Every structure is written in structure tokens, then in C-alpha cells.
Amino acid sequence: MLGVEWVLDASITPLVHSVSPGIHIDLRFDADQATGSAGCNEYGAAFQAIGGSISFGPVNAIQKACADQVMTAEAAYLRALDGSTAYKATTSTLHLTGGAADLSFTAAAAPSPTQ
């Protein structure tokens, strides 16, 4: 789970009517910090994950304005992330549950080494 870029799939759609094509929402865990892009703004929060349970500290995000549809998806994602209470991870998938919506992520492909 640590050090992987997790990319959100369409699991946010129950909270918003539609998600703009090309919107990129991701999540990374390093030590005790979770960071990522919420579609428009970068965000970060402290987190704790023990035995399938997860909790996030206050989520802080940059306050840059974007298109209304992107901002709506971003707010829904951050609300769901903040409320997440459980996780299940494999090498290629991450599922967060317990928040306003269950969030499903796929591990981003690692960049190929340059030659």
C-alpha cells in the first residue's frame, strides 16, 4: 500500500451525476501521510492503517478553483475519503469503505526505467 500511486476508478459516480472525462484523482501513502490529487487541487492528511482499519486526520487541500463539475467531484471524493474507516489492499487494488461512498483504486503502472 505504501509508495504506490493509487488511481481512483469510477467509484465516485454514486456521489456525483457525472465525472468529467480525463479527471485524475489519486492517492499515495508514505509513512504516516496520505497525499494526492483530488481532480483539481492537491491534498494531504495524516493517516493510520492497522489490521484493515483506516482513519484520516483533517484533510488539507489547496484552494484553486476549477470547473464546477470538477469541484463537485473533488468535494465528494474528499468527503468520502475523510469518512473511510476500513481498507482492503492487494498488489493492484485498494478499496476504502465506510465513508460517504466506497472508493476503489487501481495501482498506477510503474514508469519504465530509462535506458
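Here are some notes:
- The residue of the stretch 85-104 that is nearest to Ala10 (Cα to Cα), among those that are outside any loop (DSSP other than H, G, I, E, B) and among the small types (Gly, Ala, Ser), is Ser104.
- Any hit, the stretch 47-68, residues being of a type in the set (A, V, I, L, M, F, W, C), surrounded by 14 or more Cβ atoms within 10 Å (Cβ to Cβ) and touching a residue at least 60 places away in the same chain (Cβ under 8 Å): no
- Given (1) at pLDDT below 90; (2) within 19 Å of Ala100 (Cβ to Cβ); (3) assigned to a loop (DSSP other than H, G, I, E, B), number of the condition Pro58 does not satisfy: (1)
- Evaluation of Ala109 against the conditions (1) within 15 Å of the chain's Cα centre (by Cα); (2) within 20 Å of Gly3 (Cα to Cα); (3) exposed (fewer than 11 other Cβ atoms within 10 Å of the Cβ) shows that the sole unmet condition is (1).
- Matching option when the condition is out of contact with any helix residue (DSSP H, G or I) (no Cβ under 9 Å at 6 or more places or on another chain), of a type in the set (A, V, I, L, M, F, W, C) and under 16 Å from Leu27 (Cβ atoms), among Ala73, Ala67, Ala46: Ala46
- Test: Ala100 is modelled with pLDDT of 95 or more, buried (at least 16 other Cβ atoms within 10 Å of the Cβ) and of a type in the set (Gly, Ala, Ser): no
- Verdict on Thr72 being polar (S, T, N, Q), surrounded by 12 or more Cβ atoms within 10 Å (Cβ to Cβ), at pLDDT 85 or above and more than 13 Å from the chain's Cα centre (by Cα): yes
The values are calculated or read from the model by the stated rules, or taken from the named source; none is laboratory data. What you are looking at is a predicted structure, and each value in this text was computed from that prediction instead of being measured. Because the Cβ atoms are built from the backbone with ideal geometry, glycine has one as well, and the counts that use them run over all protein chains shown.
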